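To keep things clear, I will list the structure first and then write my remarks on it.
The values are calculated or read from the model by the stated rules, or taken from the named source; none is laboratory data. Source: prediction; values computed, not measured. Don't worry about glycine lacking a Cβ; one is built from the backbone with ideal geometry, like all the others, and counts go over all protein chains shown. SASA here: full protein model, heavy atoms, side chains in, ligands and nucleic acids out. Shrake-Rupley method; radii C 1.70, N 1.55, O 1.52, S 1.80 Å.
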Amino acid sequence: MTKFTSDRLLLFGATGDLSRRMLLPSLCALDADGLLDPAIEIIGTARSELDDQGFRNFAREALEQFLPANRRGSMATFLNRLSYQTLDANDIGGFQALAAKVGTPKEGLSIFLSTAPSLFEPTIRGLQQSGLAGENVRIGLEKPLGVDLESSKVINDAVAAAFPEDRIFRIDHYLGKETVQNLLALRFANLMFEPLWNAAHIDHVQITVAETVGLESRVAYYDDSGALRDMVQNHMLQLLALVAMEPPVSYDATNVRDEKVKILRSLRKVKVKETVTGQYRAGAIGGEAVPGYDDELGKDSDTETFVAIKAYIDNWRWQGVPFYLRTGKRLPRRTTEIVVQFRNVPHAIFPGRSAKMVSNRLVIGIQPSENITLSLMAKVPGLDRDGIGLRSIPLEISMADAFAGPQRRIAYERLLLDLIEGDQTLFVRRDEVEAQWEWIDAIRAGWEEHQLEPKTYTAGSWGPSAAIALAERDGVTWHE
C-alpha cells in the first residue's frame, strides 16, 4: 500500500445535506483541534451554481447551525481553506475545469464521493479522463453502494477500473463512532473478557438500532431501500462482526478486516420464521402526534420500516448462540446499543427467597450516550432471616465523564482524517460488502418467496408484537 498524506481534499456533493450537517462541521472541528495539515486545501463541487465566496457563505451557515461555537476554532481560517467548482457529473468538460481548479497536488489528493448512486459511474469515468485518478489519489465512497449484490458489484467494478483496492475507502459512518472503536479496546485490551467471550459463557447477544424519526428528507431513497438494506446490511452487520470477530494479529486495516469478513461469511442462512418485518402507523413520539409511513410517503407502500432477525454464526466460538438484531423507525427513543447476555451460574449456592440470581449482562451504549454498563450480583446490605439477599447492580462507565476535554462527537471526523492520511482500518473492504449483500439478498429472497408483508405497529411502540415473540420463544426479553 502506498502511504501518503493528502494536501488536497475534494468533496463531491459539497452543497448536499451530508456535507452541511456532517462533513463541513467535522472538517472545521479537525482544523480547530490542529489535526489538519495547515497547508491542506478543501475544494467543494456540486451542481449548485456557486463561486468560492458563495461556498464559504454556505459553509459558514452550516457551521453556525450544526457545530457548537466552542468547537469552531478560528472559523475564518477554516473558511479560507475552501474553494468551489460547479460540476455536472454527466458533463466531461466540467471535469476538465474541475481538474484545473484542483491543480496538481504536491503530496496527494483525497476525494470524498457523496452523490446519488446513479452518478458513481459517470463520476469515476470523469475523474479518469481528467487525470484526477492518478497513483497519488484515493477515493472515499459514501453509501449506498448498490441495492443488492449484483448492483454492488457493478459499482465496485466501476471504481476498481480507476482505483486499486488499497486506495478505495468505503465508508460506514458507524465505524467512526468512539464507542464502536471502544468495542475493540474493550475486547482486546482487557484480559478479563476474552476467556468468557464464547458460546460456553454467553447466552445471546442483542443489537438494537432504534430511531424516533420517520422519513425526513430521505423519501425516495428509503422507500426503495427499507430497513433491511438501509440499516442491517451495513451498520448492524458491522457491529455484529466487531462483537464476534477473532482477535486480529494487529490493529491494522488488513488484519482487522480479515477477521470481520470471516464472521460475515460464517453467518447462517436465515429462515423466514426467524425474521419479523413491520411498518409504522400513526402514533405519538415524545407526546407529539406523528403520521404513519404511508401518510408521510403520500402513497401505499409495502416497504419495511422495522426488521427483527435471529441470526446464528456457524463457527467454533459462537455455535448455538443467537444474535438478535432489531432496527426500526418511529420507535420510542433513539438508541444504538449492544447487549451481551451471559449465562446463569451453573449452581446457585445462596439459599432463601431474597437470593434470586440474575445473570450478568454487558450493555454497550453507542448513541445517543456513549457508555458501558456491566451488571453484577451483590449482597444487599443488612440482615435477612431468609439468608443472603442479592441484587443485580450496575457498574457504569460514561465516556463523557471518564475522559475530560473535547470529545470527537462526529463520527466523520475520524473517518475524514483517516481518508486524508490513508488509514483504511475503519473502512469496509470489497469482500466485506459482498458478503453482507449475499446474506441480505438471501433474506429478501425468502420474503419474496413467502410473500411476506410488513406487520403494522404504532409509532412510539417497540415494533410489531411478533418481534417480541421472536425473542420470547427462546425465553429472551429485549433490553429496553
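Within segment 332-370, the residues that satisfy the criterion of being touching an Asp or Glu at 6+ places or on another chain (Cβ under 7 Å), surrounded by fewer than 18 Cβ atoms within 10 Å (Cβ to Cβ) and at pLDDT below 90 are Gly352, Arg353, Ser354.
Does Arg391 meet the test of being modelled with pLDDT under 85 and closer than 30 Å to Glu165 by Cβ?
Numbers: modelled with pLDDT under 85: yes; closer than 30 Å to Glu165 by Cβ: no.
Against the criterion (modelled with pLDDT under 85 and closer than 30 Å to Glu165 by Cβ), Arg391 does not qualify.
With respect to Gln85, determine if the residue is over 17 Å from Leu415 (Cβ atoms), open to solvent by 50 Å² or more (accessible area, probe 1.4 Å) and touching a residue at least 12 places away in the same chain (Cβ under 8 Å). Can you show your working first?
Details: over 17 Å from Leu415 (Cβ atoms): yes; open to solvent by 50 Å² or more (accessible area, probe 1.4 Å): no; touching a residue at least 12 places away in the same chain (Cβ under 8 Å): yes.
Here the answer is no, as Gln85 does not meet what is asked.
Pairs meeting the criteria (first residue in segment 388-411 and assigned to a strand (DSSP E or B) and open to solvent by 50 Å² or more (accessible area, probe 1.4 Å), second residue modelled with pLDDT of 80 or more and of a type in the set (Ser, Thr, Tyr), beta carbons under 8 Å, at least 6 apart or on different chains) are Ile393/Ser375; Pro394/Thr373; Pro394/Ser375; Leu395/Thr373; Leu395/Ser375; Glu396/Thr373; Ile397/Thr373.
On the stretch given as segment 88-131, residues that are more than 29 Å from the chain's Cα centre (by Cα) and among the aliphatic types (A, V, I, L, M) total 6. Mind listing whichever residues of segment 223-246 are open to solvent by 10 Å² or more (accessible area, probe 1.4 Å) and either touching a strand residue (DSSP E or B) at 6+ places or on another chain (Cβ under 6 Å) or acidic (Asp, Glu) (or both)? Asp223, Asp224, Met231, Glu246, listed by residue number. For segment 308-351, a residue qualifies if it is in a strand (DSSP E or B) and either of a type outside the set (A, V, I, L, M, F, W, C) or under 14 Å from Trp462 (Cα atoms) (or both), and the qualifying residues are Ala308, Lys310, Tyr324, Leu325, Arg326, Thr327, Gly328, Thr335, Thr336, Glu337, Gln341.
Yes/no per residue for (1) part of a helix (DSSP H, G or I); (2) modelled with pLDDT under 90:
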| site | (1), (2) |
| --- | --- |
| Ser83 | no, no |
| Leu119 | yes, yes |
| Gly126 | yes, no |
| Gly146 | no, yes |
| Ile155 | yes, no |
| Ala185 | yes, no |
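Residues in segment 424-449 that are touching a Lys or Arg at 6+ places or on another chain (Cβ under 9 Å) and open to solvent by 50 Å² or more (accessible area, probe 1.4 Å): 2 in all.
When segment 1-39 is filtered for residues that are surrounded by fewer than 16 Cβ atoms within 10 Å (Cβ to Cβ) and of a type in the set (Asp, Glu), the ones remaining, listed by number, are Asp17, Asp33, Asp37.
Could you say which residue among Leu452, Leu415 is assigned to a helix (DSSP H, G or I) and either more than 25 Å from Pro68 (Cβ to Cβ) or open to solvent by less than 30 Å² (accessible area, probe 1.4 Å) (or both)? Unique residue meeting the criteria: Leu415.
In this structure, does Ser110 turn out to be open to solvent by less than 70 Å² (accessible area, probe 1.4 Å), in a helix (DSSP H, G or I) and under 25 Å from Tyr174 (Cβ atoms)?
On the way: open to solvent by less than 70 Å² (accessible area, probe 1.4 Å): yes; in a helix (DSSP H, G or I): no; under 25 Å from Tyr174 (Cβ atoms): yes.
Criteria not met by Ser110.
Residues in segment 154-208 that are closer than 30 Å to Leu331 by Cα, more than 21 Å from the chain's Cα centre (by Cα) and open to solvent by 20 Å² or more (accessible area, probe 1.4 Å): Asp203 alone.
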